[in-house]
1. Do you know which of the residues in region 22-39 that are out of contact with any helix residue (DSSP H, G or I) (no Cβ under 8 Å at 6 or more places or on another chain) and modelled with pLDDT of 95 or more is nearest to Gly106 (Cα to Cα)?
2. Residues being out of contact with any Asp or Glu (no Cβ under 8 Å at 6 or more places or on another chain) and assigned to a strand (DSSP E or B): count how many of those fall in region 276-290.
3. Which ranges mark the helices (runs of 4 or more DSSP H) fully within region 109-221 that have 2 or more residues being surrounded by fewer than 19 Cβ atoms within 10 Å (Cβ to Cβ) and under 15 Å from the mean Cα position of the chain (by Cα)?
4. How many residues, within region 154-196, are of a type outside the set (A, V, I, L, M, F, W, C), in contact (Cβ under 8 Å) with a residue 40 or more places away in the chain and under 25 Å from Gln94 (Cβ atoms)?
5. Can you tell me which residue among Glu77, Glu50, Glu42 is surrounded by 14 or more Cβ atoms within 10 Å (Cβ to Cβ), part of a helix (DSSP H, G or I), without any contact (Cβ under 8 Å) to a residue 60 or more places away in the chain and not aliphatic (A, V, I, L, M)?
6. What is the residue count in region 164-222 for residues that are β-branched (Val, Ile, Thr) and in contact with a Pro (Cβ under 9 Å, 6 or more places away or on another chain)?
7. Among the numbered criteria (1) small (Gly, Ala, Ser); (2) more than 26 Å from Lys159 (Cα to Cα); (3) loosely packed, with under 15 Cβ neighbours inside 10 Å, which one does Ser87 miss?
8. Given the criteria at pLDDT below 90, part of a helix (DSSP H, G or I) and at negative phi, does Thr251 qualify?
Amino acid sequence: MRSILQDLTPEFLKILNKDKIYWFEGWQEYKQNRPKIVREYEKQENLNDEKIKEILAKIRRKDFDMFKQDWENNFLEIKKEMVMKLSRNAEHFQLKRGDFVVYIMGLLGLNSHYYIETYYGTVILIDNFYHFLNKKDIKKTIEEAILNFINNTPINPKKALFAKLLSQIEKYIYDNNDKDRVMKKIVETLYKNVDYYNWVGFYLTDENDKNMLNLGHYLGEPTEHVKIPFGSGICGQAASTKNTFVVQDVTKETNYLSCSEKTKSEIVVPILDNDGNVFGELDIDSHKLEPFTIEDSQFLEEIINLFVKKFL
């Protein structure tokens, strides 16, 4: 069974390392660890900084302390039981769909669960603190939330595939410290698993000429464009503007460097280091017209975000 159940409560409990007057700062640090999830949660609950401060001010330290103790004493067993039930009933819970995951998190105790759209598919977000405060059965909530999702949400095959691949790539990045090896693995994963990614490669900024891109790891037909000046072609434009470029029909692009007659479309995602300098870019060609959707852009940009966070 794929790992669809993750307990992220310990990240939330770090807030208890601070005095109550600094709990809001602790919440902000917590949000930095899971920015897309927590920001969307705040949006769904219509929370701004002042409302969050008000809610935190009303929570007693005693409640947080008891919540932590309850989690430490009981939750590992609860999670084991839930994972076993999901595993034994994989078909019933449609675990092969691949387009959803369950995150158990400490939040502000406002509602039992939420549905958050992310690059990993839909995150079914369970508020562990809510269940503690209201003495609710978190296992029942998890089951009902999954069943509600799968019974009311059509399968998105592309989203499911991207969620699966993103999880694989994230794990590989986390487990490896060699960025050259990681780039090679990213190329292999994308080229072998996405049927319309017919050429996948990295271009990296020349160390001696910061306005030149050099071809790095790639898979697909050989290309004569082993060096591309900034501003030249789709790759050069992405580098000079520092923006993702999506060209659904290369014949309509005046500044296009042709690599193959088979290429019909292209997407290029720049790689910027923490200082905003162009480290390189991820370039993908397709033999299909108009194959790229917003899911492609978000998926590839998140891969680059993970890479930058680890190496740059």
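1. Of the residues in region 22-39, the ones out of contact with any helix residue (DSSP H, G or I) (no Cβ under 8 Å at 6 or more places or on another chain) are 22, 25, 28, 32, 35-37.
Those left that are additionally modelled with pLDDT of 95 or more: 22, 25, 28.
Numbers: Tyr22: 17, Glu25: 16, Gln28: 13 Å.
So the residue we want is Gln28.
2. Going through region 276-290 one residue at a time, the tally reaches 4.
3. 157-175
4. Adding up the residues that qualify gives 6.
5. Glu42
6. Going through region 164-222 one residue at a time, the tally reaches 0.
7. All conditions are met except number (2).
8. yes
The values are calculated or read from the model by the stated rules, or taken from the named source; none is laboratory data. For clarity, every value in this text was computed on a predicted model and none was experimentally measured. Cβ: placed from backbone, ideal geometry, glycine included. Neighbour counts: every protein chain shown.
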